[in-house]
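Here's the structure we're looking at; comments come further down.
What follows is calculated from the coordinates using simple rules that are stated; it is not laboratory data. Just so we're clear, the structure is a prediction, and the values are computed from it rather than from any experiment. Reconstructed Cβ throughout: ideal geometry from the backbone, glycine too, with neighbour counts over all protein chains shown.
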Amino acid sequence: MNEKQFQANVVELAHYLGYLTYHTLDSRGSEPGFPDLVIVGRNRLLFREIKSEKGMLTQAQLKWGGALMAGGGDWSVWRPSQMELVQATLTADPVD
Ligand SMILES: [Mg+2]
């Protein structure tokens, strides 16, 4: 499964569960490395870089991820083989 297909699956599930999602459709002119998806709802805010199974993170993506985590953000990479983790994360009980 490629990145685009996987991302569509993640977004579909997130919307089904009531989340809002944001994705920059055309990144030209935008800051490089910002995560593919911002997922917000159920009292949580997630930043997720979406990758194909073997896709590599760019230096800019790592920089954004590190900075978001240092700032208290929930950032990580999701890959197609992690769909169970995606489901578990999105369906977990809302944070207090
Ligand atoms: Mg990506």
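The requirement of being out of contact with any Ser or Thr (no Cβ under 8 Å at 6 or more places or on another chain), among the hydrophobic types (A, V, I, L, M, F, W, C) and over 18 Å from S27 (Cα atoms) is not satisfied by L46.
Would you confirm whether or not the stretch 42-52 contains a residue that is surrounded by 12 or more Cβ atoms within 10 Å (Cβ to Cβ), β-branched (V, I, T) and touching a Leu at 6+ places or on another chain (Cβ under 9 Å)? Let's see the steps before the verdict.
Of all residues in the stretch 42-52, those surrounded by 12 or more Cβ atoms within 10 Å (Cβ to Cβ) come to 42, 44-52.
Filter again for β-branched (V, I, T), leaving 50.
From what's left, touching a Leu at 6+ places or on another chain (Cβ under 9 Å): 50.
Yes, some residue in the stretch 42-52 is surrounded by 12 or more Cβ atoms within 10 Å (Cβ to Cβ), β-branched (V, I, T) and touching a Leu at 6+ places or on another chain (Cβ under 9 Å).
What is the number of the single condition among (1) under 22 Å from M1 (Cβ atoms); (2) within 11 Å of the chain's Cα centre (by Cα) that V40 does not meet? It is condition (1) that V40 fails. Exactly one residue among G33, G41, G72 is at positive phi and within 14 Å of the ligand (Cβ to nearest atom), and that residue is G33. Residues in the stretch 60-88 that are in contact with a strand residue (DSSP E or B) (Cβ under 7 Å, 6 or more places away or on another chain), in a helix (DSSP H, G or I) and surrounded by 15 or more Cβ atoms within 10 Å (Cβ to Cβ): Q61, G65, L68, V86.
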